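Throughout, read-outs are computed from the coordinates displayed, never taken from laboratory work. Predicted model, so just to flag it, every value in this text is computed and none were measured. Every residue, glycine as well, gets a Cβ built from its backbone with ideal geometry; the counts of neighbours run over all protein chains shown.
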Amino acid sequence: MRALELKLDELAGLCEGLDLPAYWVDRYGFIQWATSAALQRLGWPEGLWQGRRISEMMPQSRIFEVLAGGQSLRCRELTYIGETIQISYQPCWRDGELLGVWAVIEQQEKSCLELEEEEIGASRLLIQMYETLLGDLLLGLAVVDSNGVIITVNQYWEKLFGVNLAEIQGMPLKTLFPESHMGQVLATGQPRIGETWTRDDEVYFLSELPLRCGELIIGGLVKLVPVENVETRDLVARYQLLERKLLFYQSELSALKHEEDPFVAIIGENPHMVKVKNMARKVARGDATVLILGESGTGKEVFAQAIHRASPRADQPFISINCAAIPENLLEAELFGYEEGAFTGAVKGGKAGKFELAHGGTLFLDEIGDMPLAMQAKILRALQERQIVRVGGHKPIPVDVRLIAATNRDLVAMMQAGEFRSDLYYRLSVITLQLPPLRERRDDIPALVKMLIEKFNKKYLTSVEGYDKELERFLLSYSWPGNVRQLENVLEYAFNMLEPGQKLLTLQDLPEQVTGGGPLGENDLRLETVVARAEKKAILQALQATRGNRMEAARLLGIQRSAFYQKLKKYGLSGKEEDHD
Ligand SMILES: Nc1ncnc2c1ncn2[C@@H]1O[C@H](COP(=O)(O)OP(=O)(O)OP(=O)(O)O)[C@@H](O)[C@H]1O
């Protein structure tokens with residue numbers, strides 16, 4: 001910051017020394033300095049302009065366009081106290097951040113005339129360039145001036161419209177091509193792309209783009225690309241694929257929105273699962289806090305969402321936050337928001353936290369067992385007082401949220417070890433749902449796989465019908481340390497390995513780390529696997545040494561808590577080391 005202040009001071013000194021009428025406006029629009037020449041030109045009395053916004057001193061200033069758009073403006077004319085003056089504005093950036101705008105009052109009008117000439121010269125050059133490029137490309141091109149009058153077209157265009165360049169030069173494009181929207185493109189500077197146009201049963205992609213020279217729109221370009229063109233056909237195919245994917249996601253979304261019973265989508269006919277689903281269905285109707293326990297990937301978030309959708313709050317937001325994945329120093333601001341200027345890098349105007357965003361709806365705190373003690377106290381206070389205070393603020397903000405929390409850690413043991421506040425535990429655990437790991441409900445695996453195959457068939461436009469006996473045996477016997485999420489990832493991997501037209505999934509389509517005799521194949525001596533094996537072992541040892549305390553384990557390993565959490569996910573570990581040793 002000091003170096004920067006020095007540079008701004010230097011700029012001020014330099015302008016003063018050169019007797020240049022110039023001033024500096026910071027990124028919030030406040031005038032920071034002005035040279036004596038500028039004060040004289042603008043008639044600003046000393047002492048009146050300091051600390052004021054430029055809009056107060058000069059309401060017609062164009063500086064806000066520059067602050068908003070980040071692009072320079074040259075020789076902009078404005079009338080100020082009865083006199084016409086021209087000002088050029090130069091935005092100044094540092095490390096991608098806009099610092100402010102340097103404004104210089106032009107002294108000679110000639111400089112602006114020169115600028116216009118430069119601009120006209122540049123546009124001529126541009127047109128010449130286009131004429132050379134137009135040649136005999138397999139697409140129709142037309143260039144118009146800023147009034148939409150045809151300057152040139154290429155041979156393809158001539159043939160397509162059955163015209164000669166000489167006879168249409170100077171003609172408004174709209175006369176020759178009434179379907180054009182070039183008028184709008186030139187007026188707004190916004191391109192129109194992705195439209196189609198048909199002539200004699202031939203379909204063309206139509207794009208209309210503005211041609212710019214710096215700030216100025218100097219004309220427009222029309223492109224007509226026949227869909228028959230091989231490259232275009234490829235594009236069309238990809239576009240159609242994207243469109244189908246979009247339709248798929250739209251239908252998924254509306255299915256989610258209109259599901260009568262949100263628990264239907266949760267697959268699980270295993271008796272334990274049925275019991276949990278029935279209980280969740282009942283508690284959804286009320287407003288009580290729910291604690292969902294279960295290993296990673298068992299569907300805790302799926303349950304939380306279903307509870308929300310089956311609750312009277314269904315039309316309000318469902319906001320989810322993974323407490324373990326967010327660095328400790330950012331957690332408070334994420335949860336409670338912050339006021340402007342609360343810390344370096346704080347967004348202008350402040351930011352709402354998850355509690356505020358969830359107002360009226362449900363807040364899902366995933367991995368609550370990884371919440372630092374200080375934050376636990378703040379959450380408890382927010383729940384009791386039904387209000388929060390943003391970081392750096394004083395004003396209490398009322399919040400009405402239903403809280404659903406989840407963890408795979410043993411909160412009772414943590415409580416006894418003083419790592420989890422008992423008052424918060426009792427508040428959270430009014431209703432507790434315990435989700436079984438997948439290895440304890442293997443009878444649900446076929447239904448889950450069927451659902452996932454349908455899902456990925458839609459996503460990848462494939463037509464897989466099932467899997468062979470060998471794969472079936474594997475799917476039913478594997479330990480699935482990462483539970484349903486791992487099953488989902490493994491099958492998605494298989495879909496990416498499919499041969500064209502393949503109807504049955506086989507064991508060979510699955511990732512080797514899974515099929516190689518355990519989560520990490522012991523016979524695989526590739527460096528990547530050996531390093532991964534060592535890393536997994538170190539994590540398990542750290543978890544053992546800290547009796548499953550992830551924060552402590554991360555500290556022992558000398559890595560960030562969020563990085564540690566990612567590694568747990570990568571190796572399909574739940575944090576309970578004895579499960580997977
Ligand atoms: N019973 C289920 N039926 C259908 N899909 C499920 C089921 N359980 C889990 N899934 C799917 O498995 C994935 C993981 O589920 P989810 O994110 O709810 O697990 P989690 O327990 O919250 O995991 P973590 O603790 O790691 O955040 C999701 O893609 C979810 O859709």
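Only counting other Cβ atoms within 10 Å, I'd like Ser311, Ser207 sorted with the fewest neighbours first.
If I rank by nearby Cβ atoms, fewest first, I get Ser207, Ser311.
Using modelled backbone amide H atoms (1.01 Å from N, in-plane), which distant-in-sequence or interchain residues come within less than 5 Å of Ile218's amide H?
Leu211, Arg212, Cys213
About the Cα centre of segment 2-107, how large is the charge dipole given +1 on each Lys and Arg Cβ and -1 on each Asp and Glu Cβ? Please answer in debye to the nearest 20.
220 debye
Defining a contact as two alpha carbons under 8 Å apart and six or more residues distant in sequence, what relative contact order in percent does segment 437-518 show?
Contact order relative to length: 35 percent.
Through the Karplus equation 6.51 cos²θ - 1.76 cosθ + 1.60, θ set to phi - 60°, convert the phi angles of segment 410-425 into ³J(HN,Hα) values in whole Hz; use x for Gly and Pro.
Ordered by residue, 3J(HN,Hα) equals 7, 5, 5, 4, 5, 5, 5, 7, x, 9, 9, 5, 5, 4, 5, 4 Hz.
Under a plain spin-label model, where a point goes 7 Å from the Cα along Cα-to-Cβ, how far apart in nm are Gln434 and Val412?
Result for the modelled spin labels: 0.8 nm.
So what is the relative contact order for segment 404-561, in percent, with contacts set as C-alpha pairs under 8 Å and at least six apart?
The value is 14 percent.
Can you give me the relative contact order of segment 294-412 as a percent, contacts being Cα pairs under 8 Å and 6 or more apart?
RCO, segment 294-412: 31 percent.
Taking 56 Å as R0, compute the FRET efficiency from the Cβ-Cβ separation of Arg555 and Glu16 and round it to 0.05.
0.50
If each of Asn164 and Arg381 carries a label point 7 Å out from its Cα toward its Cβ, how far apart are those two points in nm?
8.6 nm
Using amide H atoms built 1.01 Å from N in the peptide plane, name the residues 5+ places from Tyr80, or on other chains, whose amide H lies under 5 Å from its own.
Placed amide hydrogens put Ile85 under 5 Å from Tyr80.
Among residues other than Arg442 whose Cβ falls under 13 Å from its Cβ, what is the net charge (Lys/Arg +1, Asp/Glu -1)?
-2
With θ set to phi - 60°, apply the Karplus curve 6.51 cos²θ - 1.76 cosθ + 1.60 along segment 309-326 and write out the HN-Hα couplings as whole Hz, x wherever there is a Gly or Pro.
Once θ is set to phi - 60°, the couplings for segment 309-326 become 5, 8, 9, x, 8, 3, 7, 9, x, 10, 10, 10, 9, 9, 5, 7, 7, 9 Hz.
From the phi angles alone, apply the Karplus equation (6.51, -1.76, 1.60; θ = phi - 60°) to segment 435-444 and give each ³J(HN,Hα) in whole Hz, x where the residue is Gly or Pro.
So the Karplus estimates, Gly and Pro as x, are 8, x, x, 4, 5, 9, 9, 4, 4, 8 Hz.
What is the sum of charges around Pro21, taking Lys and Arg as +1, Asp and Glu as -1, for the other residues whose C-beta is under 11 Å from the C-beta of Pro21?
-2
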